[in-house]
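Working notes, structure below.
Computed from the coordinates by the stated procedures, all read-outs in this text should not be read as laboratory data. As the structure is a computational prediction, the values presented were derived from the model and not from experiment. In this analysis, Cβ positions are derived from the backbone assuming ideal geometry, glycine residues included, and neighbour counts consider all displayed protein chains.
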Amino acid sequence: MYIELHARSAFSFLEGASVPEELVQVCAERGMPAMALLDRDGVYGSPRFHGAAKKHSLRAHVGAEVTSVAEWRYPLLVESRAGYQNLCRLLTQMKLRAKKGEGKIRAEEMAEMSGGLICLTGGQEGPLVHALTEGGIERGLKSVEQLCRTFGRENVYVELQRHFCREEEARNQAAVQIARRLKLPLLATNGVSFACPQQREVLDVFTCIRRHQTLSTAGRLLSANSERRFKAHEEMSQLFFDLPEALANTEILSSRLQFTLNDLGYQFPVYPVPNGESQMHFLRQRTLDGMIHNYGSENERARQQIDRELALIEKLDLAGYFLIVWDIVRFCREQNILVQGRGSAANSAVCYSLGITAVDPVGMDLLFERFLSEERGEWPDIDLDLPSGDQRERAIQYVYERYGKRGAAMTANVITYRRRSAAREIGKALELDPETIDRLTALVGSWEYKDPSDTLERHFRDAGLDLQHRRIRKFLELCHAVQDLPRHLGQHSGGMVVCQGQLDSVVPLEPAAMAGRVVVQWDKEDCADMGIVKIDLLGLGMMAVLEESLETIRKCHGDEIDLGHLPQEDSAVYTALQNADTVGMFQIESRAQMSCLPRLQPRCFYDIVVQVAIIRPGPIVGNMVHPYLKRRQDREPPEYFHPSLEPILKRTLGVPLFQEQLLRMAMIAAGFTGGEAEELRRAMGFKRSEARMKEIEVKLRRGMTAKGIIGETQEQIVQSITSFALYGFPESHAASFALIAYASAWLKCHYLAAFTAAMLNHQPMGFYRPATLVKDAQRHGLKFKPIDVTRSEWECRLEKISEKFAVRVGMRYIKGLRQETALEIVRQRGIHSFRSIEDLKQRVPEIQKHELTALAEAGALNFLSNQRGFHRRDALWQVERAARRPGPLLEIPEATPSTDRVGCGSPATEPSPLRRMSDEERLVADFRGTGITVGPHPMAYRRAEMKKLGIRTAIDLTKLPDGTHVQVAGAVIARQRPGTAKGFVFLSLEDETGIANAILTPQLFAQDHTTVVHNQFLLIEGTLQNQENAVSVKAQRIKPLMISRAETPSHDFH
Amino acid sequence: MAFASIFVPNFLLQAVVRAEPALHECGLALIDQSPPLSRVVAIDETAAQMGVEIGMTKTDAEQFAGVKIRPRSPAQEKAAHAALLDIGWSISPRIEDTAQDAIVLVISGLTSLMGVEKEIGARLIERLTACGLRGNVAIASNIDTALIVARGFAGVTVISPGEESQYLSRLSVRALSPPDETAEILDRWGVETCADLARLPILDLSERLGQEGVGLHILARGAFARSLVIAEPAHSFEEEMELDEAVEELEPLSFLLGRLLDQLCARLTARSLGAAALRVRFELQPSFENAVDIQEAFRTQKQPGLYDKQIQLPVPVRDSKMLLKLLRLRLQRNPPDAPIQKITLAADAARPRTIEGNLFLPSILDPEKLELTIARIAHVVGEGNVGSPSLTDTYRPGDFQMRRFRIPQETFRTNGVRPMANERADSRMSAGFRVFRPAVPATLAFDRGCPTHVAFQGLRGDVSAAAGPWRTSGDWWREDPWEQEEWDLEIHFQETADRRDRLSFDGFHPHRGIYRLYYDSLRRGWFVRGVYD
């Protein structure tokens, strides 16, 4: 039986055209028992290959093609675990010393780490072909002898490939001669690069992308034919009818390759505990300390839960893991880095006691099994939220330091082709002109919702492209074909893996694009599949906002705020939430959240947990939102799918909102075991889940039928569970987020200035653009001071004005101004203040003309002059002079003190002959130069006209009864077409009084598509819908409005 | 001195309308055709009112009922521009070819001949209209004021000396065509009109915008005085002859061509230049044979057929006789398919070749003569079948291209050692292979996947040895992909009486030979590609 031992997948990054699953699929279909994957310089695809092979009961051999310094590649197969470890170390060694995506192995390194590896002589890129081309058969002979010395005679196979090419056959004959002379075994392979012949076109395009060519210019770099497809035993035995031993040897070699990824040998590191204590004892002590702090010593329920958890942790030997996470949290606390655990860890009372999470799972009755179960046999998953930016980086670097450069690494993120990237690169390969490519790239994949006619074909026709044209047709086919194929390796945003001993003997490491970072070759799902423990150190913008707010409050107000002990039932917070006054608040600020809040009327913390969880695609598609809201308002009684489910669904009034509830439902209604429930959970969260969900659905139905739950009830339960495949929150996760949401709301209600300044300093984040945040804060009474080079810093800061704090906008908002320039301005003015624009230019010589212009245009230089009424145009006038270098005769020598230079022959602060900017011009300049305005809203200037036309303000709408015919106008600040809304489009219009929401039917959107998408100001006419204070306008007519030329920003969910 | 400027607004569109006046009455959008994407580059007022915008795709524009779409026509633009120049020259010998859509001419001294300036302007408008163009005319005492005002005001505008700034003041500063960077600065300053700019102190402006600012300031005041850049039509080295009676025969045509070439070469000689390329363009008499009715015939007549060829020359030439010979050879090979009613000859001018002879080197073939020889060969074998064959970088079997034959620039190596004729980088021996073009259809018989008998061109033979198959396929993105399976077969032919006669493609007639045959999967047939020597 022939076994394919030399195949590449798309994880050879542009050198293979099939994903590992496709290769396994064809292998299984042809009834072949095993296969080897040898990707270029890595084992990137091995976990997926291994997983797919396991499903089909195939043996997945591991290997790689490793590039030598002479540019040819060693095709290596792993025989044993030692061989795998050597391969990982080899790959790590060559990768870590080179630039990202490069690396070559030296002969002496290969000799040193060749144990357990089998080397083939290779195909087109192998050492033998290289030697034969260089110096004929003699050179070839020497090259193979060298391989024998490196790997041992018994570990070298002379490889033969037959792709119906003349040159290849000539080389094969030489290879056979060499094998006979050296008495080495022959081995037939097909050097597979794709699973089926049609994928050759994808490979050709990949070749063009890799070699920076087009299909017309690539010439013989492209494939000569389609023979590098997967071939079964029958085809290969016909091809090698004259050399049957080459075929037979594949089976013999396959049986030698005992290693699979089941035998990875991964161990989580041991936490170094003091005084010779055991890890478990140490963990127990830390947990009990925390328990007393959190629950007091009398809480029996908590004690029992903790004992139960600790017993399981001990049984599963996970004490080290908990201690390592605790250690990271401890480091963060010591360094004043805000940290909070989320995800399923919030279900654990041990995590709560250790300070890893902030949610009380005992008080909230959370399901511990969701976090850890004996059956599952996999590592628990703890995610830590950290402030984004430098603080998170400090935590990451701590982990590197603690476990060594080869003991810890980030998980990878495999970047795959999406519509836009595919269109761009394929367009280039097919030589479409750049303009067409740009147009196509912009067109494909714009809005989140895709209606049935929203196909690539339609986009092409819209772009004026002729689908009858063969090249265009091929473009379309290829765009489809490359979707989801790996493009290159990126870095996961926060997933870290650590290992006892050398991580590089478990998985190869690579340098990341970011300096000082190392990544493993597998993504987080692959790591989880391979049983490697992962700790997510996630950067959360809101954590950074909270951290900065606390710091500002401490500095300016002198108040010490402990987020862990905020007043729990703060009426200001709940009033704001009930009124949907939530701009800037974490997770509850989106338009959809705002329309739900007045109906849900949150009154306690658990309501916020529900609020965070309910506006998710899972509950929305599962039609769970409206029943819940009705039951909450006592407009209908709670109903349960089945009486047995009442205990699970009682607190969400019979409506399943959280993942845990779904899992429990499966356990009770369908008799799922904990492990099966976990399988269900993973299918729900897993991106490749559709097939899994189908399998699980069958199991669910079977289980329910066995328990007598049939008919409509069964359908309802299945519907609720499968909708969650579209995404829903676990309760613990929602609770963790709700804590942050509450904290952000509390800070906004009580320390608006500090909170807003911090929000402005951490953009982009959240749902709204800074312009909207500023306007919202102004409506809440906060004063903003404009950017001023004599006062502003890089960041936005608070300034005290008559006992109240205002926000001084930071120079970071000047578009095009470099941070180092701004910092130098601040430093120089600290020495002594600037006297004029020329003075500023001379003392901050690195300032560039465009930066000065940007500052002047935004009004930041207005305060450099003592002249009354010195305006932006005066500054622009001066800037143009200051920025122009004088000729050598007039240039002031460097040595001249800057104070002497001031005003040297130039009336630097004299007014200009230019007229002052009008309100409209100022608005245009503000939005163009800073993206925000601290002056009036553009709509405010036109209110009188609007009033005459009968156009209502946003605030007016809240006072009108349901069904009123209204006209409303404003700047579009958000356009949404969510995937769950069946083509409806949601617009948020902002005016000086607030935000008005409008709903567009798919028909209206199709009719007025251009108006909606391309205009900044819109007038919407329609019927007012006021449902329990959730106000929106159901649009009937849309008109563009010319309010201002200012480019007001909008957050469009494309 | 008085200057008149003629400006043709929306020139691209007008150039097309000029050839199809019926388009005046409807909405029109012009598209720049660069498939697969076509965009609107110009629109008329009606189309604009209907909502068509510049930059739209053709598909978008097509959605507006009532808007006609036409492709942009560089030829018509050129003709329209030539007409614009002609209008200028019809009045004054001193004209400046300022832009594709604008010219300036000196009209001083014409008042006694043509009336006052207003009348001259009106006459220019009249002539424009007669040429199928609509435009504006401005008359001023300086060139740039005339140009700017013509772009800014419709109809005829006469500006008396001293009134320049008054007219200019209402125009946008963009009318002065400032560089983009300066335009941005002016925009930031809120300087919108020429009057705004003229009000700025010139010294301050100079400190900020340098001489460029000063220049714009003077322009804005209408005070910029410069000399006219007199247009020299001879730069194009184009000769044209419209014939009263269409010519059909080569002999009379040669006579006319000879005359034109003499003129062209004389002009080139006077400028010490030669022709690096010669372009011959004939407007052909339209054929009425297929016209449905007389209206159709007239419509066709407006768009005569064209015969357009270019002859590349190895070195710049100004020998009219040699050029005529080349032209005759080309015309013999590719005669125009209708009588000629207009001849245009244009030369790309270049410095002529100068060669200093070398006493110690053998003289090489004169490039002019070589070109003539190649042209003669091409006349016999067909264009594209003469030159140096070279392989293309592809797996497509037998693919090659003919490169233009050239005498190597560097005949000898720098060290003076002459390369051996047979010196090659690859000194290994390789078998010769004769390719049959076109390939010969064949029939094959197989036994267990291996060819056993072959028949082609009446020959039959047994296969005594076979190597293959070798598979190639490619160019799958093109209209002409290929997919073939090749075999090398040693064939023993059976002797037949007429074998010798049938082997017309083969110079020798062995009893056996090694042939390369292939199966073309797309044409579904077997063919003989060639034979090994």
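What the table below lists for this structure:
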item: Near-label residues of the range A:919-960 by backbone N, under 13 Å of a point 7 Å along Cα→Cβ of A:GLN848; result: none
item: Proxy reagent accessibility, fewest Cβ within 10 Å first, across A:MET236, A:MET280, A:MET665; result: A:MET280, A:MET236, A:MET665
item: Alpha-carbon centroid distance for the pair the range B:70-113 / the range A:627-687, whole angstrom; result: 83
item: Whole-Å distance, taken between Cα centres, linking the range A:817-887 and the range A:726-765; result: 37
item: Intensity falloff of the protein assembly as shown expressed as log10 I(q)/I(0), Debye formula with alpha-carbon point scatterers, at q = 0.03, 0.05, 0.08 Å⁻¹; result: -0.22, -0.63, -1.39
item: The range A:613-747 - Rg over Rh from alpha carbon coordinates, Kirkwood radius; result: 0.98
item: Mean Cβ count within 10 Å, highest first, over the residues of peptides A:343-351, B:7-15, B:523-531; result: A:343-351, B:7-15, B:523-531
item: Extension gain from A:GLU167 to A:GLU112, taking 0.36 nm per residue of separation minus the Cα-Cα distance; result: 16.4 nm
item: For the range A:297-383: Kirkwood Rh in Å [reciprocal of mean 1/r, alpha carbons]; result: 13.2
item: Nitroxide proxy distance, nm - points 7 Å out along Cα→Cβ at A:GLU435 and A:THR1023; result: 4.7
item: Full-extension gain in nm, A:ARG461 to A:LYS315, via 0.36 nm per residue minus C-alpha separation; result: 46.3 nm
item: Projected label distance in nm at B:GLU25 and B:ASP520, using a 7 Å step from Cα toward the beta-carbon; result: 5.3
item: B:ASP533-A:ASN262 FRET efficiency (beta carbon distance; Förster radius 56 Å; 0.05 resolution); result: 0.40
item: Modelled FRET efficiency - R0 60 Å, B:ARG512 with A:ILE415, Cβ distances, 0.05 increments; result: 0.50
item: Residues in the range A:299-325 that a label on A:LEU288 would reach, taking backbone N under 17 Å of a point 7 Å out along Cα→Cβ; result: A:299-314
item: Extended-chain gain in nm, criterion 0.36 nm per residue less alpha-carbon gap, A:LYS694 and A:ARG149; result: 190.9 nm
item: Calculated FRET value between A:GLN502 and A:GLU29, using beta carbons and R₀ = 30 Å, to 0.05; result: 0.15
item: Two-decimal Rg/Rh across the range A:981-1034, once Rg and the Kirkwood Rh are taken from alpha-carbon atoms; result: 0.96
item: Cβ-based exposure ranking for A:SER723, A:SER421, in which fewest neighbours within 10 Å come first; result: A:SER421, A:SER723
item: Cβ-based exposure ranking for B:CYS194, A:CYS479, in which fewest neighbours within 10 Å come first; result: A:CYS479, B:CYS194
item: The range A:142-257: translational diffusion in µm²/s, Stokes-Einstein, Kirkwood Rh over Cα pairs, 10 °C, 1.306 mPa s; result: 100
item: Protection proxy ranking of A:250-258, A:913-921 - average other beta-carbon atoms within 10 Å, highest first; result: A:250-258, A:913-921
item: Percent antiparallel among DSSP beta bridges (both partners in chain A, rounded to 5); result: 65
item: Helix axis angle, A:166-182 relative to chain A longest principal axis, alpha carbon, degrees; result: 60
item: Spin-label model distance (nm) - B:ALA154 vs A:LEU823, 7 Å beyond Cα toward Cβ; result: 6.0
item: Partner chain coverage, peptide A:194-201 - average Cβ within 10 angstrom; result: 1
item: Shielding by partners, peptide B:466-474 (average Cβ within 10 angstrom, other chains); result: 5
item: Loop sites in the range A:117-209: trypsin sites (Lys or Arg not before Pro), DSSP, at most 11 other Cβ within 10 Å; result: A:LYS183
item: Between the range A:491-538 and the range A:10-78, the Cα center-to-center distance that results, in Å; result: 20
item: Filtered trypsin sites (Lys or Arg not before Pro), the range A:959-990: DSSP coil and at most 14 other beta carbons within 10 Å; result: A:LYS959, A:LYS982
item: Number of partner chain Cβ atoms within 10 Å, mean per residue of B:482-493; result: 1
